[in-house]
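Trainee: Take a look at this one; I'll ask things after.
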Amino acid sequence: MKFGVIQFPGSCDERDALHAASLVGDAVLLWHRDHDLQGVDAVIVPGGFSYGDYLRAGALARFSPLMVEVERFARHGGLVLGICNGFQVLCEAGLLPGALLPNTSLRFVCRQVELEVVNAQTKWTGACARGDRLSIPAKHQTGRYWAPDPVLDELEAGDQVVLRYATGNGFNGSARDIAAVSNRAGNVVGLMPHPEHAVDPLTGSVDGLRLFRSAALLAV
Amino acid sequence: MSRHAELGLTDPEFERIVALMGRELNEVELAVFSLMWSEHCGYKHSRKLLSTLPTEGPRVVMGPGENAGAVDLGGGIACAFKVESHNHPSAVEPFQGAATGVGGILRDVFAVGARPIAILDSLRFGEPGESPRARYLLDRAVAGIGHYGNSIGVATVGGEIYFEPAYEQNCLVNAMCIGLIETEKLIRSAAAGVGNVVVLFGARTGRDGIGGASVLASAELGDASEAKRPTVQIGDPFEEAKLLECSLELLDAELLVALQDLGAAGLTSASAEMAAKGGVGLDLDVARVPLREPGMEPFEIMISESQERMLCVVAPERFEAVMAVCEKWEVNATAVGAVTDSGRLRVLVGNDLVGDLPVAALVDECPVYELEPARPSIPLYPAPSRALADGTAPGETLLALLGSANLASRRPVFEQYDCLVGSRTARRPAQADAAVLMLAAEGAPRPALGVSIDGNGRRVACDPYRGAIEAVLECSANLACVGAEPLGLTNCLNFGNPEKPHIAWQLTRAVAGLGDACRALGVPVVGGNVSLYNEGGDGPILPTPVVGMVGELPDAARAGGLGFAQAGDTVALISARGWAPSLNGSELAKLRGAAPEGELPPADLGELRAVHAAIRQAVRSGALRSAHDVAEGGLAVALAECCVAGGLGAALDLGCAPADARDAEALLFGEGPGAFVVSGVRAAFAAFGAAAAVLGTVGGEALRLDGSHGRLEVGVAELSGVHAGGLATLLARA
């Protein structure tokens, strides 16, 4: 399995994502101005503040040349994971439903949170079981998941809610405590918490590794 | 007022400049001299004192004088680090002042070629319970630090915050940055190679920050400070994120001869220092500098403090390659000048010479003043308002301390910072006495750094010499608790107006203390910063030397933690011979409305060095399950912190605690260097010999403390609630 991690100007967590992916497969950095996905099997859109989050989080990065390739790749079933800012970028690009709004506290919050696996059938959660708890850090100021109620109903009915903040762990005001969603096919997943920061027992948890392993297990 | 006086130069200084130049100066030249001879750039009142600090050691690979100092970590890797102040800008506009303080210290570190991996902050404000201004400054400065550090993707891993009335007008915002680099790739800032190109890259130059160094940083804050808001710079962390990656790529490709960041005094200071260090001259064409707005005068371009700019020297044949890297990162880059052999800094507008200055006179001829220290004959600082009556029961006293602004949980602040990015953070805030940052993502054992920043103005106000020693000891103690051995330190000397004898006395005594502590502990000073004139209309700040220390530990897997970890573990007090906690200058004395006065206990530095080493060895061996140093609030607060962090109670008896304490209250709440609370299996304490006194056992849902005070018993839930709520409540009112 070859992972590609996109680097935008203003990305922060791309090296961490690269390292996490390299623990379960091969991993390369992809430059946002290129037009070539270098034959990767999975794309990770990392966390950070692409283009300074100016205008709106993720709004500018989606126009990077490489995102054209990512959209094509995703629509053909390619594996795409958006983490934090990457989640925002994927929502802006229309690859995932909904939007991320500023936290209700209007403050940046960095905290270890407990997540509950809601859908273990996506390409990025196959190594988990429904109901599993994952301890993964979250850190963001614009992570309140929002969509109109009918869309939320549809997401729940269609098993597109992938992870929820466990009771008492939601801090950003996300609708229905949603921490991660997928597209209908389950190949594109976005989440606000940072699985790439939970791959080493010395930094507190290895639960995040299960998302990367889920993708790696799909390699033939 | 004459023009030179407006720019902060005294009449004798101005006369000396005219004599050095041999002629009258034009506006550009006067502006450049006024900045280079300001306190901020020239260290006029501190240079002699700083020269007394020990700066050498076997691990030092870059000492003071460069953008940042660096120590060798072995394996071809070095750690570059420095602390710097941004006090006056933060007092005028806290969000941007604090944000650009972080931006500035980051640039200092990547200017030597190191990739920044961590930020720590040391903050001081007025009393937040009484002052809306203090709450506002705290709220906005924290937001500014988070805004910059989070956006650029460097982890903010630690820091300290204290509140005292003396910081009401003049808050302190000190930021420390730590970076890593392959030792052989460290780059200096000396310009070299006649004919080489000088390239300015990064943000465009505007009118923001004009006069920051001379006007804001080198004079007291007064009623007109609001009018100085335009002298505060505006930060753009996204621009800096690009600048950081671009600079490191330029250095990695070995395309640069020299690199320097533009900080205080902008292009003036950067170019003069690069030329002086290289013993060369520079020609700068300010007409080529990309501007944010039209019509800027040459002197404005020279002194602008617009952020996110760097200056580099490039061989002509590498110029195109440099421009290509800058283009990749969407960073503006412009050739603005050339290295000459003239020894002069020449400012041009196209072909017109608008300023012609001798570099040596700018940098080396800056006057150095003798301080005239005199111990103050009357107390300098008023007593704070009383928050706690005398004679409260020990349990009530403990809760009052734990919930006080100075001791309450910092969680509402540090949760606003990304402490994880980079995947190095093995000890986050509130997990241990120092942050622990791993040097590699894999492997066992996993070498790591321990980092801490400390300073206690109230104790330095009591006794500048012993108080400054305590700041160094506190850092060293914090490192010991995670198992780290000190490698080097950086300091930021925050004081009032050194032209006043009593401030000169504080400064002189504090630097003497710092030097003696560093020599005794064997920790060299590799760099730092001086921030003087920290005075408002109400008087000077507390004298506040802030110390940042970096140490190494062989294996992050054995890094210490502060919280009690397991019911049934034995708790011991490890104390130095002669540990003599007293209420003078303590947090309890403050709550009772005492001014920062009184004698501090002496410190036997040799003995303390040995105790720190013993703690460090015990942590490294894995024998201890927790280690925490006894600091502000004394032993009872330290024990409560261990309970809160671990979520476990303890049943303890202070009967055999060996302290040379005057009474039961001094033992519980007195302060003085030299004691630690550790837990583990009983056999683990044998290595400490007589320094260890077993206090009791971890377990239960309350902290129970018996002793000559009687019995103190408080539930862990209550301790945690009070500790968590103290600062959170105040921030919610901001």
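Trainee: With a cut-off of at most 16 other beta carbons within 10 Å, and DSSP calling the residue loop, which GluC sites (Glu not before Pro) in segment B:637-707 qualify? Please list them.
Mentor: Of the GluC sites (Glu not before Pro), the ones in loops of segment B:637-707 whose Cβ has at most 16 other Cβ atoms within 10 Å are B:GLU701.
Trainee: Now a separate question. List every residue whose amide H lies under 5 Å from the amide H of A:ALA27, counting only residues 5 or more places away in sequence or on a different chain, with H placed 1.01 Å from N in the peptide plane.
Mentor: For A:ALA27, the qualifying residues are A:PHE3.
Trainee: Which of the chymotrypsin sites (Phe, Trp or Tyr not before Pro) found in segment A:1-68 are loop residues per DSSP with 13 or fewer other Cβ atoms within 10 Å of their Cβ?
Mentor: Sparse-neighbourhood loop chymotrypsin sites (Phe, Trp or Tyr not before Pro): A:TYR54.
Trainee: Does anyone have the angle between helix B:634-646 and the longest principal axis of chain B? Alpha-carbon axes, 0 to 90°, nearest 10?
Mentor: Tilt relative to chain B: about 90 degrees.
Trainee: Of the residues A:LEU23, A:LEU115, A:LEU100, which exhibits the maximal mean-square fluctuation in a Gaussian network model of chain A defined by a 10 Å Cα contact cut-off?
Mentor: A:LEU23
Trainee: With +1 on each Lys and Arg Cβ and -1 on each Asp and Glu Cβ, how big is the dipole of chain B about its Cα centre, in debye rounded to the nearest 20?
Mentor: Using Cβ point charges on Lys, Arg, Asp and Glu, chain B gives about 1300 debye.
Trainee: In degrees from 0 to 90, rounded to the nearest 10, what is the angle of the helix B:464-482 Cα long axis to the longest principal axis of chain B?
Mentor: Tilt relative to chain B: about 70 degrees.
Trainee: Each residue of segment A:154-160 in turn: what ³J(HN,Hα) in whole Hz from Karplus with 6.51, -1.76, 1.60 and θ = phi - 60°, glycine and Pro shown as x?
Mentor: 5, 4, 5, 5, x, 6, 8
Trainee: Follow-up. Given the options B:GLY129, B:GLY103, B:SER151, identify the residue whose Cα lies farthest towards the positive end of the charge dipole of segment B:1-159 (+1 on Cβ of Lys, Arg; -1 on Cβ of Asp, Glu).
Mentor: B:SER151
Trainee: May I ask what percent, to the nearest 5, of DSSP beta bridges between residues of the protein assembly as shown are antiparallel?
Mentor: Roughly 75 percent of the beta bridges in the protein assembly as shown run antiparallel, per DSSP.
Trainee: Moving on. When B:LEU7, A:LEU134 are ordered from fewest to most other Cβ atoms inside 10 Å of their Cβ, what list results?
Mentor: So the ranking, lowest neighbour count to highest, is B:LEU7, A:LEU134.
Trainee: In addition: For a label point 7 angstrom out from the Cα of B:ARG3 toward its Cβ, which stretches of segment B:333-370 have the backbone nitrogen within less than 14 Å?
Mentor: B:354-356
Trainee: Quick check for you: which residues of segment B:349-391 have the amide N under 19 Å from the point 7 Å beyond the Cα of B:ASP11 toward its beta carbon?
Mentor: B:367
Trainee: With charges only on Cβ, +1 for K and R and -1 for D and E, what is the dipole size of segment A:2-216 about its Cα centre, in debye, rounded to 20?
Mentor: Computed about the Cα centre, the dipole is about 160 debye.
Trainee: Now for a separate question. Please give me the summed charge of the neighbours of B:VAL571: other residues whose Cβ is under 15 Å from its Cβ, Lys and Arg +1, Asp and Glu -1.
Mentor: -2
Trainee: For segment B:591-606, what does the Karplus curve 6.51 cos²θ - 1.76 cosθ + 1.60, with θ = phi - 60°, yield as ³J(HN,Hα) per residue in whole Hz, taken in order and with x for Gly and Pro?
Mentor: 4, 8, x, 8, 5, x, 9, x, 6, 8, x, x, 10, 7, 5, x
Trainee: Shifting gears a bit: Using a Förster distance of 45 Å, how high is the FRET efficiency between B:VAL349 and A:VAL28, based on the Cβ-Cβ distance and rounded to 0.05?
Mentor: Once rounded, the FRET efficiency stands at 0.40.
Trainee: Evaluate the relative contact order of segment B:638-734 (contact order divided by residue number), counting alpha-carbon pairs under 8 angstrom at least 6 apart; express in whole percent.
Mentor: Relative contact order for segment B:638-734 comes out at 42 percent.
Trainee: Moving on. Only bridges whose two residues both fall in segment A:2-216 count here: according to DSSP, what percent of them are antiparallel, nearest 5?
Mentor: So the antiparallel bridges in segment A:2-216 amount to around 55 percent.
Trainee: Looking at A:PRO9, A:GLY168, A:GLY98, which one has the Cα that reaches farthest to the positive end of the dipole of segment A:2-216 (charges on Cβ: Lys, Arg +1; Asp, Glu -1)?
Mentor: Comparing the listed Cα positions along the dipole, A:GLY168 ranks first.
Trainee: Ranked by Cβ crowding within 10 angstrom, fewest neighbours first, how are A:LEU29, B:LEU345, B:LEU479 ordered?
Mentor: Arranged by neighbour count, lowest to highest, A:LEU29, B:LEU345, B:LEU479 become A:LEU29, B:LEU345, B:LEU479.
Trainee: Take the cross-link list A:LYS2/A:LYS123; B:LYS44/B:LYS242; B:LYS48/B:LYS82; B:LYS277/B:LYS328; B:LYS48/B:LYS590; B:LYS185/B:LYS328 and give me the ones stretching past 26 Å between alpha-carbons.
Mentor: Long pairs (Cα-Cα over 26 Å): B:LYS44/B:LYS242; B:LYS277/B:LYS328; B:LYS48/B:LYS590.
Trainee: Related question: In what sequence do A:MET192, A:MET1 fall when counting other Cβ within 10 Å, fewest first?
Mentor: A:MET1, A:MET192
Trainee: Sticking with this structure for a sec: Counting only helical runs of four or more DSSP H residues, what would the 222 nm mean residue ellipticity of chain A come to if each run contributes -39,500 (n - 2.57) and the total is spread over all its residues?
Mentor: When only DSSP H runs of four or more count, the value is -6000 deg cm²/dmol.
Trainee: Now, a different point. Quick one: compute the contact order of chain B, relative version, from alpha carbon pairs under 8 angstrom and 6+ residues apart, as a percent.
Mentor: Worked out over chain B, it gives 16 percent.
Trainee: Tell me which of B:LEU251, B:GLY699, A:PRO201 sits at the most positive position along the dipole axis of the protein assembly as shown, charges placed on C-beta atoms (Lys, Arg +1; Asp, Glu -1).
Mentor: Towards the positive end, the residue furthest out is B:GLY699.
Trainee: With contacts defined as alpha carbon pairs under 8 Å and 6 or more residues apart, what's the relative contact order of chain A in percent?
Mentor: RCO, chain A: 21 percent.
Trainee: With runs of 4+ DSSP H residues as the only contributors, calculate the mean residue ellipticity of chain B at 222 nm using -39,500 (n - 2.57) per run, divided by the residue total and rounded to the nearest 500.
Mentor: It comes out at -10000 deg cm²/dmol, rounded to the nearest 500.
Trainee: For a quick check of your reading of the filter: which trypsin sites (Lys or Arg not before Pro) in segment B:619-702 sit in a DSSP loop and have no more than 15 other Cβ atoms within 10 Å?
Mentor: Loop-located and lightly packed - B:ARG662.
Trainee: Quick check: residue separation of B:GLU320 and B:ALA717 times 0.36 nm, minus the Cα distance between them. What number comes out in nm?
Mentor: Gain on stretching B:GLU320 to B:ALA717: 136.5 nm.
Trainee: Let me know the charge dipole size of the protein assembly as shown about its Cα centre in debye, to the nearest 20, where only the beta-carbon of Lys, Arg (+1) and Asp, Glu (-1) is charged.
Mentor: 1600 debye
All of the numbers you see were taken from the coordinates with simple rules; none came from a lab. Just so it is clear, the structure is predicted and the values come from calculations on it, not from any experiment. In this analysis, Cβ positions are derived from the backbone assuming ideal geometry, glycine residues included, and neighbour counts consider all displayed protein chains.
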